[in-house]
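Written out below as structure tokens is the structure these notes cover.
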Amino acid sequence: MAVARFQFVCDESYDSDPQKGGGSFFLTESRGSIYVPKTYLLAGFFGHELTWDDVATRWNAVNGWAGVTRYHAAYVNARAGEFSGWAKEKQIEYSKRLLQVILDHAGLVHVVSVGMEANEYYSTINEFGRRKLGSPYIACFKSLVSVIAHQMELGTAGFAPDDQFDFILDQNGNEEGGAIEMFYTMKSDRAWPFAHRLGDCGAASAERYIPLQCADMIAYESFRLVQDQNTGARIRKGLELMFPTNPFLGYMYDRNAFNQLKIPLESAITCIDNGFVTNFPMVTQPMDAQGNPL
């Protein structure tokens, strides 16, 4: 039997403007002063490599129709950069056409995200503990790898025993090098029962590898979803249309999570830096609000 190859394309989103973070702050520690956003999130789409070939072809055709080199969520929504001067009608039509590419692959591309209330992380966990879990990027990355590998191992998921997934990161010049190294560390861990699900990990530019532009879209929309939930705003139209068609799986490091992790992290003396991996619970059947099986 041939081994099926899947890919997870991933991007990040966070409060980048300290003046608009609504809880972001600067922290001085041994590494110097660092900016801590209120919310940090990694999100992307999981799908078969053949599906991504079709998505990329159609996505690129929409970019050609619009006369732009690539999709960039923040610039599209602000009508800035390449999208400066666009009429509102063109902005909406462009976004609708790209969204339709995703909707037409319902059930074939799955959304997976892990977010973090980064201000809670830095306020709750001491510097020693944070070295074990890593930066918000690395912490969310490790959990994403773990979540996907666990999901592929579930008997109800329909994957063959030898199926693997590759992890493709957006090449932003910041932390992808450390993430790639961590991916292969997890893959080589013979004690971890899901290591065989890991294929390859690398970084690419969204201009050269088109599916990363899809990741840009879902990272931006997932980040906005977290913010909108905090303010009570209505779910944005794109996600509202995707929810019934494209499977979603998302987790959040919130204040409650950090309170539970505080002692294990701050006492992880034998754990190497960045070596602490959080495995979020797998939900295999529907439950009600009290956690009882339906």
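Where a number appears in this text, it was derived from the coordinates with a stated rule and is not lab data. Quick caveat: nothing in here was measured; it's all calculated off a predicted structure. Positions of Cβ are backbone-derived with ideal geometry, glycine not excepted, and every protein chain shown enters the neighbour counts.
Kindly provide the helix-only [θ] at 222 nm of the chain, computed as the sum of -39,500 (n - 2.57) over DSSP H runs of four or more divided by all residues, to the nearest 500 deg cm²/dmol?
Values: 10 runs with 123 residues, N = 294.
Per the formula, -13000 deg cm²/dmol.
Let a ≥ b ≥ c be the square roots of the eigenvalues of the Cα gyration tensor of segment 5-266; is it rounded (a/c under 1.5), or, if not, prolate (a/b larger than b/c) or oblate?
Values: a/c = 1.75, a/b = 1.17, b/c = 1.50.
Cα axes put segment 5-266 in the oblate bin.
With 10 angstrom as the radius, rank Thr39, Thr270 by how many other C-beta atoms surround their C-beta, starting from the fewest.
Working: Thr39 23, Thr270 6.
Sorted ascending by nearby Cβ count, the order is Thr270, Thr39.
Exceeding 27 Å between C-alpha atoms, which entries from my cross-link table qualify? They are Lys38/Lys96; Lys142/Lys237; Lys38/Lys142; Lys90/Lys237.
Numbers: Lys38/Lys96 30 Å; Lys142/Lys237 30 Å; Lys38/Lys142 20 Å; Lys90/Lys237 16 Å.
Violating the 27 Å Cα-Cα cut-off are Lys38/Lys96; Lys142/Lys237.
Ranking Tyr220, Tyr209 by Cβ neighbours within 10 Å, fewest first, what do you get?
Numbers: Tyr220 22, Tyr209 19.
Least to most surrounded, the residues fall as Tyr209, Tyr220.
When the chain is fully extended, how far beyond the present Cα-Cα distance does Ser16 get from Asp104, taking 0.36 nm per residue of separation?
28.5 nm
Can you give the FRET efficiency for Arg234 and Asp273, using 1/(1 + (r/R0)^6), R0 = 35 Å, r = Cβ-Cβ distance, to the nearest 0.05? Working shown, then result.
Values: r = 42 Å, r/R0 = 1.19.
So, using R0 = 35 Å, E works out to roughly 0.25.
Counting other beta carbons within 10 Å of each residue's own, what order do Glu175, Glu49 fall into, fewest first?
The order, fewest Cβ neighbours first, is Glu49, Glu175.
With a ≥ b ≥ c taken as the square roots of the eigenvalues of the C-alpha gyration tensor of segment 158-243, please select rounded if a/c is under 1.5 and otherwise prolate if a/b is larger than b/c or oblate if it is not? All intermediate terms of the calculation are to be shown ahead of the outcome.
Working: a/c = 2.11, a/b = 1.68, b/c = 1.26.
In terms of gyration-tensor shape, prolate.
How high is the FRET efficiency between Glu207 and Glu181 when r is their beta carbon distance and R₀ equals 25 Å, given to the nearest 0.05?
Numbers: r = 25 Å, r/R0 = 0.98.
For R0 = 25 Å, the calculated efficiency reads 0.55.
Please tell me the relative contact order of the chain in percent, rounded to the nearest whole number, where contacts are Cα pairs under 8 Å and at least six residues apart.
Numbers: 457 pairs, mean separation 85.1, N = 294.
After rounding, I find 29 percent.
Place a +1 charge on the Cβ of each Lys and Arg in the chain and a -1 charge on the Cβ of each Asp and Glu, then give the dipole magnitude about the Cα centre in debye, rounded to the nearest 20.
480 debye
Using a basic spin-label model with each label point 7 Å from the Cα along Cα→Cβ, how many nm lie between Asp166 and Ser123?
In this crude label model, Asp166 to Ser123 measures out at 4.2 nm.
If you take the beta carbon distance between Asp53 and Phe248 as r and set R0 to 30 Å, what does 1/(1 + (r/R0)^6) give as a FRET efficiency, to the nearest 0.05? Numbers along the way, then the final one.
Details: r = 23 Å, r/R0 = 0.77.
It comes to 0.80.
Which of the listed residues, Ser222, Tyr209, Phe183, is farthest toward the dipole's positive end in segment 139-285, when Lys, Arg count +1 and Asp, Glu count -1 at the beta-carbon?
Comparing the listed Cα positions along the dipole, Ser222 ranks first.
Which percent, nearest 5, of DSSP beta bridges in the chain are antiparallel? Let's see the in-between values first.
Working: 22 of 39 bridges.
The antiparallel proportion sits near 55 percent.
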